[in-house]
1. In which sequence would 13, 178, 91 go, from the one with the fewest C-beta neighbours within 10 Å to the one with the most?
2. Taking R0 as 35 Å, what FRET efficiency do you get between residue 46 and residue 252 from their Cβ-Cβ distance, rounded to the nearest 0.05?
3. Once the Cβ-Cβ distance between residue 113 and residue 182 is put in as r, and R0 is 35 Å, what FRET efficiency do you end up with, to the nearest 0.05?
4. Label-point separation (nm) for residue 229 and residue 150, each offset 7 Å from Cα along Cα-to-Cβ?
5. Treat the count of other C-beta atoms within 10 Å as a stand-in for reagent exposure and order 234, 99 from fewest to most.
6. Once you have the Cα-Cα distance between residue 59 and residue 197, take 0.36 nm times their residue separation minus that, and quote the gain in nm to one decimal.
7. Assign one of three labels to the stretch 91-159, namely rounded, prolate or oblate, based on the Cα gyration tensor with a ≥ b ≥ c the square roots of its eigenvalues; rounded applies when a/c is under 1.5, prolate when it is not and a/b is larger than b/c, and oblate otherwise.
8. Among 144, 58, which comes first, second and so on when ranked by fewest other beta-carbon atoms within 10 Å?
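No lab work stands behind these numbers, since they all come straight from the coordinates. On a predicted model such as this, the values are computed, not experimentally measured, just so you know. No Cβ is skipped: glycine too gets one built from the backbone with ideal geometry, and neighbour counts run over all protein chains shown.
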């Protein structure tokens, strides 16, 4: 496997993974939940969270890639806090969902705006203009597989080889496993996942099948935090990998000047 495939793996922990449990973190995350409903706040094209003045905002484009049935749309729904269906069907065309997520890197709070691009596998293969639109200025490739479908995992190497061309060399990578069962019954084993990570050097994160949507504006409850831990793990990893990629790019640019 070429070196580009193994680029941008987390080499250190920059994001404070427990920040959401602190009073400061809880105060920030309350702004992303609706006090009058049971879900996350949704934002239109011209809207943004009402965060404190002076908070730096960075925007990234993430392309979700995987076999039909891997759970790409399900994963995006979980990350965005949107209602989702368990039905397996191929997305027609392109769907773009904006997800806002605050993280604390060292002593600074950064607001990440993640533009999640979800295109059906058949649409990507059939229509060149859809493939071109999805790959244009993409910052991260999120390869998706389902723990409930071994075929979606076994076909990941093919997708990685296809989408890790020189044109996408600057894009970071992450793998997201969907519908993980804590009670057993997974068709993809932990040993297989560890072997994959060792071979490809790409971080793998999992979303539990029973992952509860964060339906409460109060984040201090132990039960709510426990149910959301998979979500925090995935989102913090995505943000950290993107941040490291940019720092490496800035460092490399300064060396070559």
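1. So the ranking, lowest neighbour count to highest, is 13, 91, 178.
2. Efficiency, rounded to the nearest 0.05: 0.50.
3. It comes out at approximately 0.65.
4. Label at residue 229, label at residue 150, 2.9 nm between them.
5. 99, 234
6. 47.0 nm
7. Note, shape of the stretch 91-159 comes out oblate.
8. Fewest-to-most ranking of 144, 58: 58, 144.
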